[in-house]
Protein chains: 2
Amino acid sequence: MSNLDAIGFIDSGVGGLTVVKESLRQLPNEKVIYLGDTARCPYGPRPVEQVIQYTREMTQFLLEKNIKMLVIACNTATAVALDILRKEIDIPVIGVILPGSSEAIKRTSNNRIAVIGTEGTVASHAYGNTINGKSPDTEVIELACPKFVPIVESKKYDTPLAKMVVAETLKPLKEKKVDCLVLGCTHYPLLRPLVQNVMGSGVSLIDSGAETVDHISMLLDYFEIAAPAKRNDLSHEFYATGSVSMFEEIAADWLGLSNVEVKKAKIEQD
Amino acid sequence: MSNLDAIGFIDSGVGGLTVVKESLRQLPNEKVIYLGDTARCPYGPRPVEQVIQYTREMTQFLLEKNIKMLVIACNTATAVALDILRKEIDIPVIGVILPGSSEAIKRTSNNRIAVIGTEGTVASHAYGNTINGKSPDTEVIELACPKFVPIVESKKYDTPLAKMVVAETLKPLKEKKVDCLVLGCTHYPLLRPLVQNVMGSGVSLIDSGAETVDHISMLLDYFEIAAPAKRNDLSHEFYATGSVSMFEEIAADWLGLSNVEVKKAKIEQD
């Protein structure tokens, strides 16, 4: 393994690009290889065993490209597959739930935190368990928002439809008096302005993906696998199992990378 | 190993208590075992091989107490012994130089950073190399302050003598136009008000020890060895190889732990 090897990112679709965006900003010398399983998105409503299996298949695809670290840039997959993958593979594996949880505990003043995520993430109580494991007196209100990922993946995240769906879905949270809300799905930062608008400016929004980049940086240093500064051999790679053109549009729109070339990935199913 | 085991902290003397202070604040459920080598302090002017040997002996003392993580809360020892110890022992080992360097890079606006430390730390260029490895365009001005540790260890850190020594020592830095200064020795936070006064309010001071606690927290989580919340079996242990009473005074004065009982440690020399 070499320090020049890439960091691998996997997600059920385009959501993990919000983590990549932050990685490109904070860690400009790190090569990125990204795989979005857009053909099988969303993961949220799928049975646990299936999410584990899909996550393993994506991981295998990236391991063959010699990644030095794996980031599960998907809350649903982190919730059910992180511990399993850590035991199965030899490189460091990072999920998005712990960084988001830690930041929420730091940020809340009234010890009332809302977490929004997919059905799978909410059913796992991964956020509630992590937050209460560190801070037992904190009340965690978890809410599944199953309509959000399809809105983002269909590139409707800045439409009047999105605004209406976000307002309706978050209604039950309005009276819970939380001062902090975790965007517990890497797709949700694309809906951030709408979520902030519904929750009000007094509620601090936490992007678990962005927080994850701090952990990536620290672990690259700890394991002494950070890339050297000022390298000039950087060419990021993006793969999608489904539509390539939709992926390229969102990458351009969100990453500001207008010349991203996305390749179609063929996943080997065990 | 159990999650209830302690985090071990070693330092040449009382300086590492500034890291412990921050650990007690941020990680209140973690048991601390601290060893200060006050009998052989300061480490700064000693030859590299001797610092490595002393650090090994302190580490051995703490390993026999079943620590789950080792924090080298001493810049001089981190500079020369961190990489060696990581290869020699099985638990995670954390030093103070990387966290301080990373924070300095984040904090500076004009890319001019001063680092003050012992002769050993400055001669190793550990800060300069770490900072420039990540940020090659940043200018790092390293200055040895050999008189600072004796002032702190003799509990004269808030006297007119200390004020004069700090002002004289830092004079060469005044015209360097740095906007950020790393307290690159865990003793120096006890001189912080004096350093700030000499450098002026426009210079941001970075306490490398306090930054280290963020890394400790993240690695406890990564390796899944964090202590459970709300434990009621916490009794910290403090050991010094030299004077116990002086150590207790500074612990009370700085940690605000008035009932710290410090035990005399007998270090086995190989």
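Structural remarks
- Residue within the range A:251-269 that is surrounded by 16 or more Cβ atoms within 10 Å (Cβ to Cβ), within 14 Å of chain B (Cβ to nearest Cβ) and at negative phi present: no
- Which numbered condition A:Ile91 fails, given (1) surrounded by fewer than 24 Cβ atoms within 10 Å (Cβ to Cβ); (2) of a type in the set (A, V, I, L, M, F, W, C); (3) away from chain B (no Cβ under 14 Å); (4) in contact with a Lys or Arg (Cβ under 7 Å, 6 or more places away or on another chain): (3)
- Test: residue in the range A:158-176 that is outside any helix (DSSP H, G or I) and within 17 Å of the chain's Cα centre (by Cα): no
- Breaking point among (1) in a helix (DSSP H, G or I); (2) touching a Cys at 6+ places or on another chain (Cβ under 9 Å); (3) in contact (Cβ under 8 Å) with a residue 60 or more places away in the chain; (4) not acidic (Asp, Glu), for A:Cys185: (1)
- The single residue among B:Lys230, B:Lys171, B:Lys177 that is without any contact (Cβ under 8 Å) to a residue 60 or more places away in the chain and of a type in the set (D, E, K, R) turns out to be B:Lys171.
- Whichever residue in the range B:193-216 is assigned to a helix (DSSP H, G or I) and open to solvent by 30 Å² or more (accessible area, probe 1.4 Å) and, among such residues, is nearest to the other protein chains (Cβ to nearest Cβ): B:Asp214
- Count - residues of the range B:81-124 that are closer than 26 Å to B:Gly202 by Cβ and out of contact with any helix residue (DSSP H, G or I) (no Cβ under 8 Å at 6 or more places or on another chain): 7
- Residue in the range A:119-137 that is touching a Pro at 6+ places or on another chain (Cβ under 8 Å), in contact (Cβ under 8 Å) with a residue 40 or more places away in the chain and not assigned by the TED database to the domain that holds A:Val48 present: yes
- Screening B:Val51, B:Val71 for residues that are buried (at least 20 other Cβ atoms within 10 Å of the Cβ) and not in a helix (DSSP H, G or I) leaves exactly one candidate, B:Val71.
- Condition check for B:Leu255 on (1) more than 21 Å from B:Pro150 (Cα to Cα); (2) within 20 Å of the chain's Cα centre (by Cα): one failure, at (1).
- Only a single criterion out of (1) modelled with pLDDT of 95 or more; (2) touching a Gly at 6+ places or on another chain (Cβ under 9 Å) is not satisfied by A:Gln50, namely (2).
- Taking the listed residues A:Ile33, A:Ile10, the one that is assigned to a strand (DSSP E or B), touching a Ser or Thr at 6+ places or on another chain (Cβ under 7 Å) and at pLDDT 95 or above is A:Ile10, with no other qualifying.
- Total residues in the range B:125-155, condition within 30 Å of B:Asp253 (Cβ to Cβ) and not in a loop (DSSP other than H, G, I, E, B): 11
- Residue within the range B:132-142 that is out of contact with any Asp or Glu (no Cβ under 9 Å at 6 or more places or on another chain), buried (at least 19 other Cβ atoms within 10 Å of the Cβ) and away from chain A (no Cβ under 12 Å) present: yes
- Single condition B:Ala229 does not satisfy, out of (1) closer than 30 Å to A:Phe223 by Cα; (2) at pLDDT 85 or above; (3) open to solvent by 20 Å² or more (accessible area, probe 1.4 Å): (2)
- Residue within the range A:171-178 that is at pLDDT below 95, in contact with a helix residue (DSSP H, G or I) (Cβ under 7 Å, 6 or more places away or on another chain) and more than 14 Å from chain B (Cβ to nearest Cβ) present: no
- For the residues B:Ala162, B:Ala79, the requirement of being more than 14 Å from every other protein chain (Cβ to nearest Cβ), without any contact (Cβ under 8 Å) to a residue 60 or more places away in the chain and surrounded by fewer than 24 Cβ atoms within 10 Å (Cβ to Cβ) singles out B:Ala162.
- Considering residues of the range A:94-110 that are open to solvent by less than 10 Å² (accessible area, probe 1.4 Å), away from chain B (no Cβ under 11 Å) and small (Gly, Ala, Ser) only, the residue farthest from A:Thr18 (Cα to Cα): A:Ala104
The values are calculated or read from the model by the stated rules, or taken from the named source; none is laboratory data. From a predicted model like this one, the values you see are computed outputs, not experimental measurements. As a convention, Cβ positions derive from the backbone with ideal geometry for all residues, glycine included, and neighbour counts pool all protein chains shown. Heavy atoms of the whole protein, side chains included, go into the accessibility calculation; ligands, DNA and RNA do not. Shrake-Rupley method; radii C 1.70, N 1.55, O 1.52, S 1.80 Å.
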